[in-house]
1. For each of B:154, B:160, A:128, A:60, count neighbouring Cβ atoms within 10 Å of the residue's Cβ, then give the residues from fewest to most.
2. Residue by residue through A:158-167, how many Cβ atoms from other chains fall within 10 Å of the Cβ on average?
3. Going by C-beta contacts inside 10 Å, put B:112, A:69, B:122 in order with the fewest on the left.
4. List every residue whose amide H lies under 5 Å from the amide H of residue A:227, counting only residues 5 or more places away in sequence or on a different chain, with H placed 1.01 Å from N in the peptide plane.
5. At 7 Å along Cα-to-Cβ for each site, give me the label-to-label distance between residue B:157 and residue A:150 in nm.
6. Sort A:130, B:69, B:168 so the one with the fewest other Cβ atoms within 10 Å of its own Cβ comes first.
7. Give me a single rounded figure for B:84-96: the average over its residues of other chain Cβ atoms within 10 Å of their Cβ.
8. What is the mean number of Cβ atoms from other protein chains located within 10 Å of the Cβ atom of each residue in peptide A:75-87, rounded to a whole number?
Amino acid sequence: MKSAALFAALAIIALPCVAHAQTQPAAPPEDDPSHAPPSSEPKETSKGPHLVGDVRGLVVIRPNDNYARHASTYHYDLPGTALGIGLTGGVEIVKHISLLASAHYEMNGADRADAHLRIASGAIVGLVRWAFFRSGTDTAFFETAASGGFGRYLIRETYVNTALSPDTFAQSDGAFGGQLGLEAALVVSGFRAMLGYGFAYSPASISDRVGGSVNAGGHEIALGLGIWL
Amino acid sequence: VSCILQQRERGTLRVAGTFAGARALLVVPAVKLADVLLVFFSCTSCIGSSDGGTSDVNEIDCTGILCDWSVKEGNPTFGPTWHEGDLGVDLTSSDHVVLELRDVLFATQHDRQLQLRAVLVRDPEVQLAFDIDFYAPGQGQGDTFWDRKPVFLVTRHYDVIEQGVIGWHRPVLVPSEGAAVVLRVTKTGAGRAMLDEVTLGQ
């Protein structure tokens, strides 16, 4: 399982690089004048596929059916939001359309004296992003984009009360799910800053013993920095 | 990394940061994006903390031991409550359950009103009630308070009318000579009921 996750992570990192490398034209012979680019042609960055990637901080509000209320009743003050980190990478294959792979992980929890409750969730998702508005020059522009995707969502709960028992109670679930999002980005000299919102739905959930549950996914606000090459 | 907003003047934002014991002073443009970043990363906490609900005050299950509670009727299950790891008593399996706790509470306190608190799970078809019998010190011979034939004073009765998963509490009037209590929990009816974190105090 760990090696599969490692492979998936490496694939996410390697995918944009491989795709970008495959789209680079072969270097022309230096002594062949027929391959010299005409001086009037726009810069390469405006026409070729572009490597896109970012690392982003996340604030996630998971769908929650009374789980947090039950936890609070038993004096576990579970925050309404989870903080996380995400990695997104891919290629703008044609103008304004990007194919991306994304992985993210977020966590929140509550401590009650010696008892520690933690909820972590994450996902590996394939995305299509459409930049429906773009304004600026080839090297500095602002864009707004919509994205949608599908992937595997995971959620895991752990509980330990060191005063009573060394045992860690854990439960987890995984399921496929989808997400939709909107984002605004500013690209300057190959660097890209973004702010986005998304909603993800997945049936992956964990339950308490008195009818409460919390799902992976949910509302997500992202703030990220990355590249656009 | 901990960052402390120190000063903002003339379009610059001075942020002191510490990382692994080293301290650095960074000066960055005071653009709105920086404010957004600070709010984003510093004002949102992802771990809540509470001192409430400690396991040391009238906890029902002390790692598989009944603490000072005794079962008078029924067959309650001592173990998980809302969570597999959070222990209490599950009264669901029997239609009639009576639990009792004897406690000498008032040797050093003189409050005339206390709060009875508990975290409960109750289905609508279940009747759940608390009774508190107050006793004054007796004149008999014996090693413990209860051996010295304490004098019964009064019983306070409290029905739980709330249902669902609830944090329940009621004020309890203490008789003037009340020095000890027998706290009794009675569950009647088929349905789900759980009990945890029972306290009688301020």
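1. Listed from fewest to most nearby Cβ atoms, that is B:154, A:128, B:160, A:60.
2. For peptide A:158-167, the averaged partner shielding equals 3.
3. The order, fewest Cβ neighbours first, is B:112, A:69, B:122.
4. A:53, A:54, A:192
5. Going by the 7 Å Cα→Cβ label model, 6.3 nm.
6. The most exposed by this proxy come first: A:130, B:168, B:69.
7. 3
8. 4
Throughout, read-outs are computed from the coordinates displayed, never taken from laboratory work. The structure presented is a predicted model; accordingly, all values stated were derived computationally and were not measured. Don't worry about glycine lacking a Cβ; one is built from the backbone with ideal geometry, like all the others, and counts go over all protein chains shown.
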